[in-house]
Structures are given as structure tokens and as C-alpha cells.
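Trainee: Have a look at this one.
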Amino acid sequence: MPRYLPYVFSGIIVTLLVAGPLIYARQKHAHLRNLQVVHDGVLYRSGQLSPAGLKRVVHDYRIKTVVTLRDAATPGQAPPDAEEEHWCLKEEINHVRITPKPWWSADGPVPAAAGVARFLEVMSDPANYPVLVHCFAGTHRTGAYVAVYRMEFDGLTNKQAIAELMANGYCNINEEEMDLLGFLEQYRPTGKHLKK
């Protein structure tokens with residue numbers, strides 16, 4: 001055996017050990033973007049999944065309801081996740097679209113509060129479980145809705161829910177998203193969803 005072959009084999013092994021996990025992480029991100037379990041069998045969160053990723057998550061976690069926090073940028077246009085909606089309807093999976101709205105209002109009710117109420121309505125009915133909630137990245141809007149869920153259903157304080165939100169990647173809320181931060185700081189759970 002030539003003397004250089006052990007070096008070639010060593011190089012191949014090192015390349016596989018380094019490249020393998022990187023390729024796996026890239027594939028996982030492409031198909032299962034930020035997928036996390038909030039409560040097993042009840043609530044899962046993610047970014048926009050690829051069609052193959054959505055099918056896998058629906059199969060693996062037996063998802064019955066998909067809540068999307070995305071909508072068309074311009075009224076009348078197709079939403080960016082229209083393919084997901086069509087697939088869910090074909091597969092008889094509940095698909096709920098909550099249009100993103102501002103988290104602040106100078107006077108009157110906060111526009112996003114209607115979406116939060118709709119989300120809590122979905123989560124109040126165990127017939128909808130398991131639920132997958134997502135936005136584009138699975139960090140900002142999704143994190144905000146999960147924070148409200150955690151206050152309503154798990155009894156987290158506002159401070160705990162905001163800390164969890166930040167720990168899950170929403171690290172710029174204190175600098176750039178003061179409207180959402182204010183909404184979450186001022187949010188008062190109804191108390192009717194707490195597990196007894």
C-alpha cells in the first residue's frame with residue numbers, strides 16, 4: 001500500500017466528520033426551520049417550513065391545526081405560504097391565518113390584540129391539538145404569540161415570558177421592538193386558560 005494512502009483516508013474521514021454535521025444542520029434548517037416543542041402533543045412552533053418539512057412535522061407530531069402568522073404584503077395578493085394552506089385543506093388539517101398587525105396603538109385597542117384573541121381561541125379547544133404556529137423565521141411573531149400562550153396557559157409572569165422569548169432568539173426586542181415589548185409587559189392574562 002502506498003505511503004500516502006493513510007493520509008488520504010485520514011483527510012476523507014476528517015472531511016466527513018466536519019462536513020457531515022454542517023450538511024445535516026443546513027438541511028434541517030431548510031426543511032424544519034426553528035422547529036421547537038412548546039408542549040408535546042399540544043403546541044409546536046417553527047418558522048416557515050418547506051413543503052417536505054411540513055409533511056414530515058404533520059406526520060411525526062400528528063398536527064391537526066396550523067396557525068400561520070403570515071399574510072400577503074399587499075391585500076389581494078396571494079399569501080407567501082399559499083401552498084401550505086392548499087395542502088392543509090386538502091389533507092383536512094385546520095389552517096388558521098392570523099394577519100400580522102401592529103402591537104401598539106396611540107388610542108383605542110391594539111390591532112394585534114384581535115389576532116392574539118383568535119390564537120387563544122384556537123388554543124382553548126383541545127380538539128385543535130396538536131397545533132403548529134409559525135411565521136417566517138419562527139422567532140419574532142411566533143415568539144410573541146407563544147409568550148402570550150405561556151402566560152395564559154402556563155402561568156408564566158410577563159417577565160418570565162419575555163425572558164423565554166429572548167432566550168429563543170428574539171434578542172433585539174429591547175432595542176427595536178418596543179411596541180411588542182410594551183404589549184407583553186402590559187399583557188394581563190385572563191386566567192381562564194390556566195391548568196388546574
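Trainee: Taking H placed 1.01 Å from N in the peptide plane, check which residues at least 5 places from residue 38 or on another chain put their amide H under 5 Å from its amide H.
Mentor: 43, 44, 45
Trainee: Right, another one. Viscosity 1.002 mPa s, temperature 20 °C: what is the translational diffusion coefficient of the range 34-186 from Stokes-Einstein with a Kirkwood Rh over Cα pairs, rounded to a whole number of µm²/s?
Mentor: In µm²/s, the coefficient is 136.
Trainee: I've got another one for you. Need one number: % antiparallel among DSSP beta bridges in the range 34-186, to the nearest 5.
Mentor: 20
Trainee: Can you give me the Cα centroid spacing of the range 73-138 and the range 147-196 in angstrom?
Mentor: After rounding, the separation between the Cα centres reads 18 Å.
Trainee: Residue 96's amide H: which non-local residues (gap 5+, or another chain) put their own amide H closer than 5 Å, with H modeled 1.01 Å from N in plane and none for Pro or chain starts?
Mentor: When sequence neighbours closer than 5 places are left aside, the close amide H contacts are 66, 67, 68.
Trainee: Cα gyration tensor of the range 101-146, axes a ≥ b ≥ c as square roots of the eigenvalues: rounded (a/c below 1.5), prolate (a/b > b/c) or oblate?
Mentor: oblate
Trainee: Treat the count of other C-beta atoms within 10 Å as a stand-in for reagent exposure and order 135, 88, 171 from fewest to most.
Mentor: Listed from fewest to most nearby Cβ atoms, that is 171, 88, 135.
Trainee: In which sequence would 81, 71 go, from the one with the fewest C-beta neighbours within 10 Å to the one with the most?
Mentor: 71, 81
Trainee: So, one more: Quick one: if the Förster radius is 30 Å, what FRET efficiency do residue 37 and residue 3 give, using the C-beta to C-beta distance and rounding to 0.05?
Mentor: Taking R0 as 30 Å, the efficiency between residue 37 and residue 3 is 0.05.
Trainee: How do 157, 74, 65 rank when sorted from fewest to most other Cβ atoms within 10 Å of their own Cβ?
Mentor: 74, 157, 65
Trainee: Would you pull out the residues with amide H under 5 Å of residue 49's amide H, same chain only if 5 or more places away, H placed 1.01 Å from N?
Mentor: Residues meeting the amide H criterion: none.
Taken together, the values in this text are just the output of simple stated rules run on the coordinates, not laboratory data. Quick caveat, the model's predicted, so the values are computed rather than measured. Cβ atoms come from the backbone with ideal geometry, glycine included; neighbour counts cover every protein chain shown.
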